[in-house]
Structure formats: C-alpha cells, structure tokens
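The values are calculated or read from the model by the stated rules, or taken from the named source; none is laboratory data. Note that this is a predicted model, so its numbers are computed, not measured. Neighbour counts are summed over all protein chains in view; Cβ atoms, including those assigned to glycine, are modelled from backbone coordinates with ideal geometry. Accessible surface areas use protein heavy atoms only, side chains included; no ligands, DNA or RNA. Shrake-Rupley method; radii C 1.70, N 1.55, O 1.52, S 1.80 Å.
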Amino acid sequence: MCGRYYIDQEDTLSEIRQIIDAVNRRYQDSQVIKELRLGEISPGQIVPAVRLRRSEDSSVLIPELVRWGFKKPQGKGLLINARSETAAEKPTFRRPLRTARLLIPAHAFFEWRTDKRSNKKIKMKCYNPQSEMFYMAAIARQEPLSSPEDASDRVMRFVILTTQANESVQSIHDRMPLIIPGNHVRAFLEDESEAIRILSRPVDIMLSAVQVD
C-alpha cells in the first residue's frame, strides 16, 4: 500500500529538481502546470513522472505530468495502487503495464504503523539513507473526457505498483512501493519482458523510517 509520498520542494541538487525544472519548461503555458503538486503528495494530485519516448531510431526519457489514481468504473473514488504480482493478469492493469510504464520520483513515502498497545496509527516516513531520491514503478492510462470542461485534466492517470515489504519496512506495513534501482530504470521502461521480471523481484534497497506528525 502507498497512499502518500513526498517530494522535497526545497531540493535544488538532486535529479528530481532537474525533472521539475523540465516539466515547468514543457508545460509552462498549460493549465495543468498550475496544479503541479510538491511536498506531501496525495491521490488525485498532478505530479512529475518520467516515461520513455520512442522514435524510429532511438528512445529517450522525458518528464511528464500525470495525475495519481485511476477513476473507478462506478465513478466513486480512485484506484491508487496495483499489486505488482498480479498486475499483468488484471484487466484494469494489463494494458497499461504493457504500453505505459512510468517512474515516479520521490524523496520518501509514508506508511502508518499500528501501535499495538493504543491501536493508534503512527505516521512513518520511509526513505533511502543512501540516496537523496528513488523511483517508484507505476503504470498509466489516458482516460476519456467526461465533458469538454474536463480538457484541463487531459493528462495520463497512474497507479503505483506495490510489492511485498522487505525487512526494512515489514514492521510498519506488509506492502511497499516497488522501487526501481538506477541500473534497472531503462530496462523497466523499455523492455516489457524485463519489466515483468522486475515485478517479481523483491526490493533490495534497505530503507530507514522515522515517525512524523
């Protein structure tokens, strides 16, 4: 499960800053750039992502603005996560996994640990102590406009792929985002067969967690 994540808007050095600067340039005259969200990210908000753009003789990684959450068929609420283990089998996620894989940059994500004595939910911030940022695996789709007035919402919608929590997170929650190591970034975006294999691999990046308000 991943219901919140974080982008440090004060960061001026990491790769995320380059992505943010690039989407600001690319979308500078559009309506959606006004909705770009940094800081703590919630479902339904517009955020930066990275995807692959192919041409006849090459492929390049480009920044993209996307909105978090597939609309549910009944129009009530959002689907925000997909289980990586079964995404290729589910009708809702099968085609996006084949055709529109994304990477969502983040500095951290949040999970809520249940205190066994008080039964209260404690908010934990999970981050990679060895790196300023990481990429979460995601899949996207373009949803049809429900009315002409929705044209400003014409960005792809995404869900974050989750996997079984590794030992650094399992004391907080049994699921975690599927984090893609830097050496697998292009393989996940370029190669469908390799992407499917990556979905079945455990996350080997060990995270740290701190309690936050």
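Taking segment 99-140 as the search range and keeping residues that are basic (Lys, Arg) and in contact (Cβ under 8 Å) with a residue 12 or more places away in the chain, which one is most open to solvent (accessible area, probe 1.4 Å)? Quick ask: steps written out before the conclusion?
To start, the set of residues in segment 99-140 that are basic (Lys, Arg) comprises 101, 113, 116-117, 120-121, 123, 125.
Remaining after also requiring in contact (Cβ under 8 Å) with a residue 12 or more places away in the chain: 101, 113, 123, 125.
Working: ARG101: 20, ARG113: 72, LYS123: 31, LYS125: 55 Å².
The residue in question is ARG113.
Got a sec? Which of ASP213, ASP191, ASP204 is under 21 Å from ILE139 (Cβ atoms) and surrounded by fewer than 18 Cβ atoms within 10 Å (Cβ to Cβ)? Show your work before the answer.
Working: ASP213 fails: under 21 Å from ILE139 (Cβ atoms); ASP204 fails: under 21 Å from ILE139 (Cβ atoms).
The match here is ASP191.
Tell me, which residue of segment 9-19 that is more than 15 Å from the chain's Cα centre (by Cα) and modelled with pLDDT of 85 or more is least open to solvent (accessible area, probe 1.4 Å)?
So the first thing to find is which residues in segment 9-19 are more than 15 Å from the chain's Cα centre (by Cα), and the list is 9-15, 17-18.
The next check asks that each one be modelled with pLDDT of 85 or more; those that pass are 9-10, 15, 17-18.
Working: GLN9: 104, GLU10: 140, GLU15: 90, ARG17: 49, GLN18: 121 Å².
Restricting to residues being more than 15 Å from the chain's Cα centre (by Cα) and modelled with pLDDT of 85 or more, the top hit is ARG17.
When the residues of segment 47-95 are filtered to those that are farther than 24 Å from GLN31 by Cβ and among the β-branched types (Val, Ile, Thr), which remaining residue is surrounded by the fewest Cβ atoms within 10 Å (Cβ to Cβ)?
Among those residues, the one meeting the criterion is VAL60.
Restrict the check to segment 80-98 and report whether at least one residue is of a type in the set (A, V, I, L, M) and free of Cβ contacts under 8 Å to residues at least 40 places away in the same chain.
No - not one qualifying residue is present in segment 80-98.
Can you tell me which condition LYS34 does not meet? The list is (1) over 20 Å from ALA195 (Cβ atoms); (2) open to solvent by 60 Å² or more (accessible area, probe 1.4 Å); (3) in contact (Cβ under 8 Å) with a residue 12 or more places away in the chain; (4) outside any loop (DSSP other than H, G, I, E, B), and all the others hold.
Every condition holds for LYS34 apart from (3).
Considering (1) more than 20 Å from PRO91 (Cα to Cα); (2) part of a loop (DSSP other than H, G, I, E, B); (3) open to solvent by less than 80 Å² (accessible area, probe 1.4 Å); (4) at pLDDT below 95, say which one ALA151 fails and leave the rest.
All conditions are met except number (2).
Can you name the residue in segment 21-49 that is of a type in the set (Val, Ile, Thr) and out of contact with any Pro (no Cβ under 6 Å at 6 or more places or on another chain) and is also modelled with the lowest pLDDT among such residues? Even if it seems obvious, please write down each step before you answer.
Restricting attention to segment 21-49, the residues satisfying the condition of being of a type in the set (Val, Ile, Thr) are 23, 32-33, 41, 46-47.
Within this subset, residues satisfying the condition of being out of contact with any Pro (no Cβ under 6 Å at 6 or more places or on another chain) are 32-33, 41, 46-47.
On the way: VAL32: 91, ILE33: 94, ILE41: 97, ILE46: 96, VAL47: 97.
Selected residue: VAL32.
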